[in-house]
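Down below is the structure, laid out as structure tokens.
Bear in mind these aren't lab numbers, they're just calculated from the coordinates by the rules spelled out. In this text, all values refer to a predicted model and were calculated from it rather than measured experimentally. Here Cβ is always computed from backbone atoms with ideal geometry, including for glycine, and neighbour counts include all displayed protein chains.
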Amino acid sequence: MRLDVVSIFPEYLAALDLSLIGKARRDGLLELTVTDLRNYATDRHRTVDDTPYGGGAGMVMKPEPWALALQDVLDRGAADGHTGGAEEPTSPAVNQRPVLIVPSPAGQVFTQEVARELSEREHLVFACGRYEGIDERVIEWARESFEVRPMSLGDYVLNGGEVAVLAMVEAIGRLVPGVIGNPESLVEESHSDGLLEYPVYTKPASWRDREIPEVLLSGHHGRIARWRRDEQLRRTARRRPDLIEDLDPALLDKQDRDV
Ligand code: ADE
């Protein structure tokens, strides 16, 4: 998978050199490039923002540096053999157009389902806005070559897209085959089946007068699985009742309904 991040703070993305994502980059599973938007400014002061039409507080990111930077990212992707926006929007390759992800509190909420969907795409480009956002015409222009996805981490406001990109790249990257050594660990984690994860324990079995649940020492796989499922259901109902409402009833068994 090819990933491009465009930002005025490339240093923010240095964390993507670390841990599992860093290793996946070194192993060639993820090809990630960070591009400094200021390199595409068109004046000697390297200006990337200006005052908003219509007035109001704050500054808006100018369109031209964005168009030049995104075109460069597209051209580099095409030169390296990734799809580069040359297809007609109606061609069969339409689903392999690069995806332009624009982090914004005004976007669609980024969920595990979205992460899963994006982990199957060939080329993701992240456009980190700052200030009050990017001139909207950039988004319209980009639709000619990209599938554009404005994405929000949640209902709160960050100072820019960089932190959101760190979260999204980690959530998407770990789903790319080979990135996580043991793919089984993806099966039982929170949100994989619409429920929160069950509580986990390790040695010692007794710690500061607190014992682990006895069933976990029983060696009885069926009872352990049932206990874990019950804990998932109870925890989800308590912490995230909205998730219970969204559960597919066909995926619940009789014992689930009794919890
Ligand atoms: N940029 C600013 N706030 C954001 C949020 N909540 N999610 C994604 N990007 C953002």
Cut-off 13 Å between beta-carbons: net charge of the residues surrounding GLU136, Lys and Arg +1, Asp and Glu -1: 0
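Sort THR33, THR47 so that the residue with the fewest other Cβ atoms within 10 Å of its own Cβ comes first and the one with the most comes last. Numbers along the way, then the final one.
Details: THR33 16, THR47 13.
Lowest to highest Cβ neighbour count: THR47, THR33.
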With Cα springs under 10 Å, the Gaussian network model of the chain assigns the largest mean-square fluctuation among GLY107, GLY22, GLY81 to GLY81
Principal-axis tilt of helix 63-79 within the chain, Cα atoms, nearest 10 degrees: 70
Need one number: nm distance between label points at GLU120 and ARG137, each 7 Å from Cα along Cα→Cβ, rounded to one decimal. 3.7
From the helices alone, meaning DSSP H stretches of at least four residues, give me the mean residue ellipticity at 222 nm for the chain, per-run term -39500 (n - 2.57), in deg cm²/dmol to the nearest 500. -9000 deg cm²/dmol
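Using the 10 angstrom Cβ neighbour count as an exposure proxy, how do HIS82, HIS123 rank, fewest first? Spell out each step's value before the answer.
On the way: HIS82 17, HIS123 24.
In order of increasing Cβ crowding within 10 Å: HIS82, HIS123.
Can you tally the net charge around GLU231? Count Lys and Arg as +1, Asp and Glu as -1, for every other residue whose Cβ sits under 13 Å from the Cβ of GLU231. Before the final figure, lay out the partial values.
Details: positive: ARG223, ARG226, ARG228, ARG229, ARG234, ARG235, ARG238, ARG239; negative: GLU188, GLU197, ASP230, ASP256.
Net of charged neighbours comes to +4.
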Evaluate E = 1/(1 + (r/R0)^6) for ARG234 and ALA57, where r is the Cβ-Cβ distance and R0 equals 45 Å; express this FRET efficiency to the nearest 0.05. 0.45
With a/c under 1.5 counting as rounded, go ahead and sort the chain into rounded, prolate or oblate using the C-alpha gyration tensor (a ≥ b ≥ c being the square roots of the eigenvalues; past the cut-off, prolate if a/b is larger than b/c, else oblate). prolate
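Count the DSSP beta bridges whose two residues both fall in the chain, then state the antiparallel fraction as a percent rounded to the nearest 5.
Values: 5 of 27 bridges.
Taking every DSSP beta bridge within the chain, about 20 percent pair in antiparallel fashion.
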Could you list THR35, THR42 so that the one with the fewest beta carbons within 10 Å of its beta carbon is first and the one with the most is last? THR42, THR35
Whole-Å distance, taken between Cα centres, linking the range 3-46 and the range 200-259: 40
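Please give the FRET efficiency for ASN39 paired with LEU217, using the beta carbon to beta carbon distance and R0 = 45 Å, rounded to the nearest 0.05.
Values: r = 60 Å, r/R0 = 1.32.
My answer for the efficiency is 0.15.
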Taking Cα pairs under 8 Å and at least six residues apart, what relative contact order does the chain come out at, in percent? 18
Length added when fully stretched, THR111-LEU18, from 0.36 nm per residue minus Cα-Cα: 31.2 nm
Computed ³J(HN,Hα) along the range 162-175: with the Karplus parameters 6.51/-1.76/1.60, θ = phi - 60°, integer Hz and x for glycine or proline, the list is 4, 5, 5, 5, 4, 5, 5, 4, 5, 5, 6, x, 5, 8
